[in-house]
Amino acid sequence: MPKTALAQSLGSPSGFGQSQFAFMRGHAFESRVKSDGGAELLRLTHACLGGGPEPEPGSARVPDLTAAGPQGRVGRTEIALREATAAGAWTLLDHPMLTLDVAGTPAYLEPDAVVVAPDGTWTVVEIKSFPMIDGSADAAKVGAAARQSAVYVLALEEVAARMATGGSGPSGSDPSGSAARGSAAHGSAVHGPAADPSAADGSTADGPTPDESAMHGSAADGSSAHGPATHGSAADGPAPDGTVPDGPTPDGSTAHGPATHGPAADGPAPDGTVPDGPTADGSTTLGADTGGSAAHGPATHGSAADGPTPDGTVADGPTPGGVTAGGGRVGGVRQQVLLVCPKDFSNLPAASAVDVRKQRAVTRRQLSRLTRVDDIAATLPPGLTFDVNRPADELSAAVDAVPATYAPECLAACELAFHCRERARARGELTSLGRALRADLGSLATVEETLAAARGEAGDPDDPAVSALRRAGALRAEALAGGVR
Amino acid sequence: MTTPAPPPPSSAPPSFDPGAEAGRATDAILHDTLHGTHRGVVVDSPPGAGKSTLVVRAARELAAAGRPLMVVAQTNAQVDDLVLRLAEKDPELPVGRLHSSDADPYDKALDALPNVRKSAKAADLAGLDVVVSTAAKWGHVKDVEPWGHAIVDEAYQMRSDALLAVAGLFERALFVGDPGQLDPFAIAEADQWAGLAYDPSASAVTTLLAHNPTLPQHRLPVSWRLPASAAPLVSDAFYPYTPFRSGTGHEDRSLRFAVPSDGSGPDRVIDEAAVSGWGLLELPARHTPRTDPEAVRAVAHVVRRLLDRGGAATSERSPEPAPLTADRIAVGTAHRDQAAAVRGALAALGVVDVTVDTANRLQGREYDVTVVLHPLSGRPDATAFHLETGRLCVLASRHRHACIVVCRAGVESLLDDHPSMDPVRLGVTVKFPDGWEANHAVFARLREHRVPLVAP
Amino acid sequence: MTLIDNLARLEAAASGRARPRATVRHRHLSERPLVLVPLVTAGEAGAPLGALIGTERTSPRLLTVAQPRDRDLRFAFLSQLAEVLLPYVESFADDVEAAERTETDPETGKRVKVETELCADAPQLIVPSRAGVEFVRLLGRSMRFRRTAEQDPDAPYPAPPRVPLLGRWLTHYGERSRVPGSALLLAMTDLLSRHWATGQSSLEEQHLGALLAWIEAPEGTSGEAAALRAELARDADGQLLCPPAGPATDPAFDNDLLAPAIERHDRARSALAAAADGVEADALLASLAAAEREIDALVASRTRPTWDAVWRGLDALCTLPEAPHAVDRWRGDRWSFTGHRDRVAAGEPPQPRVDDAVTAANKLATREREQARLEAQEALDDPLVMAGRRLAGEAFAGVVTDVVMTYSEGRSPRPRPLVTVRTADRPHLDPGVKVYRSLEGKAQSAQFVTYDVEDEGEGEDGRDGGDGGDGGDGRDGAAGRGAGDGGGSLVVLRVLDKMGRGKEPDAGSVPEAGDRLCWTLFEHEQRGGPKLPDPEDTPWTHGGPPQSATTPSGAPAPGESPDPVTAEDVL
């Protein structure tokens, strides 16, 4: 779903985009990290996470993962994982392909790398171009990377589960008694993780600094800011966002991904995946999925069979065979991922293990709360089209049919945010001034309504929000008139 | 940090003897404290697991072994409470209460204790078996001979920099606290130290263990406060990697009311909670200010009805049912103004003796029944403050019999709209669980005990 | 953000123009600030593209890096930056005044006053936005461990002479800016949004152009429309009319204008290097110079609007009178500057990469104390800020209705007058709580005694009114008293101090009936925290003494060694 083009056609271009300097830097760094048959990357993995004897330079296996189409690549990746685990040797899977079922639609995921260690553990590797200076890095960007990686971890766990049952398919039982069971049962899936990389890495790299990004979209880490719920997915949509962390905009895509064309269809890459490349558009791809729709609720996912709390907690909890301690793993999949960034001001890599158990648990719960994408499509008016060649007013009406809740955080994350902001401002929505502002104001939702209440022209004086507003107005007026010190 | 072995499956064999389990844990802790070779011992204590009892016992045994000690607590109320407990257990024990030079620096009840000496100067208390004070006051003590032993109470609520200020005063220490309660915080920017072992804004225990990873770590495995209906939920939601159990079975406690239900929402939720231990009184979805008048009134009505219906609580403590009186009920809120509004509403109903306070101030306290105004009720947004795991944990773990939560509908959608987007700082030990996740987990359980409040 | 601030934001949104959040200026502004507008290369950590810098509004100095990945060109830029910045900083070093400082006497261990000097003024650095502050920190970090050829003849890729020193100063300024209320290094967006509310979110207020548009809008015009134009409007070529304040640039600028210009520059340079003879070289030199001028012009075109905006922001701020306590806090900044001047002069090594445990704890203690101090001082200086505290129940204003003289018990009774104040505010007065008022710049304290009941009718009214409907009221046992809107409540206070030494209070030290006063529940001055151990006495709980404290002098501590460098320093 070309949201940038859509925004352009709506007359509210976003300013999203990526500097070619950042783009080149990101690619150059990743290839440097993976050069020499991955020797440096494996050394870093071993140094941070162990996994067996120290890798001998030049001895690592780097299997060829090329195949026709995403499904072919998924199959090739699974074979490589199986062989590497059986071989018990350091193996670098460069851009493997994984899949997860998102609300009934398969999403293809492409991590930067997966390392298989001699002890049989699988580690997700994320390579980012923001710096690690004196051992610390931008926490918002690391958070985005962790959420993104958690999706890969979940997808890998499904592979592990299938392998453990002789490849009987995704519905196979999960011997580890953990995650995969939940997701299979609940039909959870990921969502546009494929998109993530671009958001997290690309925009990060060149985002005009978090601050300005608000305006210009390059958003360091859109995800952190903005709830997917925001746009596409109905007001109370099941938080698509979190899942797709950096995901690109649930919005439009959600809405009509499935309806108009399959989600994969409009991705930039023919196979529906966005490599890791930092292209801004890429993000639109499968992000779609996520957009969850409104209908979640108790009915959607009754309490899981395996514990008092539906899905999330229990499955992740200390069930036997489940997650172990900090360095734990589920099946052979490490719950810590390896984050690789440039060290200080150089082009040398630095690595840090990031524990993603929390992000994984949250993602799993979000996935379990997603309904099928078809259900979202069903709530939209028939004939809805987002053809960017239609006139702006017609397009605008189409976009408006998709429920969206604008908040300023969206500006950093979504190409359509400026369009939504315009609508929100025109309607005088309080949230266009910031989510926090609404906290004290209860059911008041618009600027005019609130000011009228403050002036005493409207509102129930017994409503604490109204009475507090009136006192605030009186105190403010007194102070501006030169009140007591 | 290592994680203890997984707990036994929930269908524990009937041979599980909570008293024996807890006794073994206590013995091991005291052994390490009195005879161990490590400079520190850390004890995690879930809600109501007997932390204060342990502190008093450890202090008395150290003193009896001829090893004078200092005790560090975090608030003056905690210090006074400890001194009173020590004197109650052992009226002969010479105890010093080191206090500030402010007006009214300590509880007047201490004046009635003959063997408790009070002073603002540490030198005046030299030679006493036990000297107790707050971390803040200890931080100003200089030029004294270090103590051989210390007990640091509520160590998870103590900041690393506060420990730095007092650690020079003792050779070795027993650190006791509840990792599930509210974390300490800083009011100024401290991000640049995140991930450092000695991050001054982290908890004292985090720093201690980062620098001394081999210290023995113990856990009190049994909650004597939480009933069998509450322990699994609180344990699963807030202590997923360090589970605990209730010391009592479902049959050990009961809550009955002499006056039958009038069929109203408050009465029905009371009956639900009396039977199941949990009740959710759900108001229609609506965005409200913090002091939502309807929710506040609903809380007050539930309390009023709890008192009016002649409640009686039976427990392992006594064979006779104890009347459910005002002092056995508490109301918990997230914000001070909410507490004040509830007090006002209670006063309007003629209720004055029920404790109404925020989670911060309810930490460490215990009641038969609690009524909680859910932190997310009616909110248009879910901030980190409202999602903080410790806040919900404190509110959901103060009761011996039942907990009734009053809340607007729509919390789950609100959570879905505000997914967990926490920043991640490299090198920081991940604290479990995630507030977003814990809120979802608790709510999923509460929903099973839902009673809608129909508008009158 | 208090509800009062939010109300200002709503008023701004409705009117299309900014509304005041303060009646005075809460930060000291130097008469001669140094403004720095930096730009950075996308994707690189700390690779500058250029900057405008200077103290003269009309004549900034333009510095550019024609090829940001070229280490030599970058060093040349940093060297020029040092040429501008260090003389400015050093120009404040010699003008000093006598001052006293409390120190611990190493022999007696007692706190004693020591005569010392304090710089009469300090250099002040102003950048456009918070990202600029972050960039100053990053530049400081990237430079302070560099070694010059003089320091270390064997250093690979030695830095120009004054660059490491510049790194230390920028590091100091970046670190000081984390202290609440400090003013050595300020971001214009922070300054403006502290004093005005606009009809945008605080996130959008990080855009200097948009923020200023709301504030500068003349009466009768729409600041909102001007802000929208500042944010989004592009020319026919797709370039933003109002470039972002940086240091990051707009991707469209990078891709459409900057990248081709840098490419032309690179081509000209390699052609020059390959020149066959002097004549050809002369011609090629001219084309290289032209390529450099083109990049200069591009950088100037993206920084100049921001440069002008920063100065216009200063104009706007100077329409507000300086808050009295801002001068006190600036004195703290002068101490900070003087202290660093002395450390540099004493030949101390650069600030370590990571603070040790004691330093970190001391810094946090300072910041928390300054935060509390700032909040108190801003309220005392500004009725609009105090209004927010009153609304929150943390202060109350009212008229004294009655004063009854009473005395303390004991051998020498002291005055303890009971003062009754009528207030419409709703402070959180728990029994026995202390309150403070400002008396000739000092805080006079009093203790809350009780609420007085004026007459029966009103008392009963109050009792009925105090239910949940009063909302934000945090009053405890007295929830019912005088909560009505009209007359307010009567608060009885016992004044405790600042009345002189005698039995009778000094003249003017006791409030009188009819006085209009404002009492706060927060203290006006902050107490010091506990004294922490010296770093070499770091206890076992915190890892023991840090390595640097035990390294024999002479050997550079590990925290100070230069960063590793590679031949291709950046990618």
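Please treat every number below as a calculation from the coordinates, not as lab data. As the structure is a computational prediction, the values presented were derived from the model and not from experiment. Glycine also receives a Cβ, built like all others from the backbone with ideal geometry; neighbour counts cover every protein chain displayed.
Quick look at the numbers
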{"item": "Positive-end residue of B:PRO284, B:LEU415, B:HIS386, charge dipole of the range B:230-452 with Cβ unit charges", "result": "B:HIS386"}
{"item": "Peptide-level mean, for B:191-199, of C-beta atoms on other protein chains within 10 Å", "result": "6"}
{"item": "Whole-number Å³ per residue for the convex hull built on Cα positions in chain B", "result": "158 Å³"}
{"item": "Rounded if a/c under 1.5, otherwise prolate or oblate - the range B:164-265, Cα gyration tensor axes", "result": "prolate"}
{"item": "Listed residue (B:LEU163, B:PRO221, B:ASN76) projecting farthest to the positive dipole end of the range B:18-223, Cβ model", "result": "B:PRO221"}
{"item": "All-pairs Cα distance distribution in the range B:230-452, expressed in whole percent, bin size 10 Å", "result": "8, 35, 37, 16, 3, 0"}
{"item": "Table column - 3J(HN,Hα) (Hz), the range B:82-90, Karplus curve with 6.51, -1.76, 1.60, x for Gly and Pro", "result": "5, 4, 5, 5, 4, 5, 5, 6, 8"}
{"item": "Prolate/oblate/rounded call for the range C:229-342, Cα gyration tensor, a/c under 1.5 rounded", "result": "oblate"}
{"item": "Average beta carbon contacts from partner chains per residue of B:408-416, 10 Å cutoff", "result": "5"}
{"item": "Where chymotrypsin sites (Phe, Trp or Tyr not before Pro) in DSSP loops with at most 14 other Cβ within 10 Å are excluded, longest remaining stretch of chain B", "result": "B:186-456"}
{"item": "Partner lysines for B:LYS137 [C-alpha distance under 22 Å; skip if fewer than 8 residues away on the same chain]", "result": "B:LYS108, B:LYS118, B:LYS121, C:LYS110, C:LYS363, C:LYS434, C:LYS531"}
{"item": "Proximal lysines relative to B:LYS431, as straight alpha-carbon distance under 17 Å, when same-chain residues fewer than 8 apart are discounted", "result": "A:LYS358"}
{"item": "The range C:3-351: antiparallel DSSP beta bridges as a percent of all, rounded to 5", "result": "75 percent"}
{"item": "Contact order normalised by residue count of the range C:1-69, Cα under 8 Å, 6+ apart, percent", "result": "19 percent"}
{"item": "Those trypsin sites (Lys or Arg not before Pro) in the range B:90-194 that DSSP places in a loop and that have at most 16 other beta carbons within 10 Å", "result": "B:LYS121, B:LYS142"}
{"item": "Beta bridge orientation in chain B: antiparallel %, DSSP, nearest 5", "result": "15 percent"}
{"item": "With at most 12 neighbouring Cβ atoms within 10 Å, loop trypsin sites (Lys or Arg not before Pro) (DSSP) excluded, longest segment of chain C", "result": "C:111-410"}
{"item": "Relative contact order (%) - criterion: Cα under 8 Å, at least six apart; region: chain C", "result": "15 percent"}
{"item": "Lysines with Cα under 24 Å of A:LYS343, excluding same-chain neighbours fewer than 8 positions away", "result": "A:LYS34, A:LYS128, A:LYS141"}
{"item": "Which of C:ALA159, C:ALA13, C:GLN351, positive extreme of dipole for the range C:3-351 (C-beta unit charges)", "result": "C:ALA13"}
